[in-house]
1. Would you tally the net charge around N60, using a Cβ to Cβ cut-off of less than 13 Å, leaving N60 out, and scoring K and R as +1, D and E as -1?
2. I'd like the Karplus ³J(HN,Hα) series for segment 44-50: coefficients 6.51, -1.76, 1.60, θ = phi - 60°, whole numbers in Hz, and an x wherever there's a Gly or Pro.
3. Tell me whether segment 3-64 comes out rounded, prolate or oblate; compute the Cα gyration tensor, take square roots of the eigenvalues as a ≥ b ≥ c, and use a/c under 1.5 as the rounded threshold.
4. For the chain, give the share of DSSP beta bridges that are antiparallel, in percent and rounded to the nearest 5; count only bridges with both residues there.
5. Using unit Cβ charges (K, R positive; D, E negative) and no other charged atoms, how large, in debye to the nearest 20, is the dipole of the chain about its Cα centre?
6. In terms of Cα to Cα distance under 25 Å, which lysines are near enough to K87, apart from those fewer than 8 places away along the same chain?
7. In the neighborhood of R130, defined by Cβ-to-Cβ distances under 11 Å, what is the net charge if each Lys or Arg adds +1 and each Asp or Glu adds -1?
8. How do 147-153, 20-26 rank on mean C-beta neighbours within 10 Å, highest first?
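Read-outs: derived from the displayed coordinates by stated rules, not from any lab. Computed from a prediction, not measured in an experiment: that's the story for all the values here. For neighbour counting, all protein chains shown are included, and Cβ atoms are generated from backbone atoms with ideal geometry for every residue, glycine included.
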Amino acid sequence: MTTIGLMSDTHDKLDAVERAIDFFNQSGVRHVLHAGDLNSAFVVPLFSRLRARLHYVWGNNDGDQEMITARFKELGLPPPENFESLKLGGRRIALLHGTHPGIVEAVVRSGMYDVVVRGHTHRAKVTGRRPLVVNPGEVCGYLTGKETVALLDLVRLRVRIIEL
């Protein structure tokens, strides 16, 4: 596994979520990290089509967390957390929504991660070297007009932002 998928801020836009899932399936990634803000539980069943393992953290706009958790359990996925620390392809990755800039900055400065994946701003952005800080933008396209996801090459620590 050298490349993983990144997404955030889907905000109930079902057709865009389906395009993102199709893209990740065609790309052959084995892991997809979602940095929060599904919004509603009715979005979760779409991920049953995803052939990669989904990692999800809560966003600030996720509504009925009890129902979202139940839908995740139906897919055999663990309940979401506010923060996830992963080790994939030999890289240490932090996954969080990023609602509070001070928390994001503390994670970045901790020196514990090779990559920090965050969402919330809806703007696709890649900064830093170690750690690499990645916001894949917004799947929904509501604020920027661009429906985006990202591919992260874990060997080279390079990111491609893809407009769906």
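1. On the way: positive: R118; negative: D9, D37, D62.
Value of the local net charge: -2.
2. With coefficients 6.51, -1.76 and 1.60, one gets 4, x, 4, 6, 5, 7, 6 Hz.
3. Details: a/c = 2.08, a/b = 1.55, b/c = 1.34.
Note, shape of segment 3-64 comes out prolate.
4. Values: 19 of 33 bridges.
Looking only at bridges with both residues in the chain, the antiparallel portion is about 60 percent.
5. Numbers: 21 positive and 18 negative charges, 188 e Å.
Dipole size: approximately 900 debye.
6. The reachable lysines, counting only those whose Cα sits under 25 Å from K87, are K73, K125.
7. On the way: positive: R91, R92, R129; negative: D114.
Net charge around R130: +2.
8. On the way: 147-153: 22.0, 20-26: 18.1.
Those peptides, ordered most packed to least, come out 147-153, 20-26.
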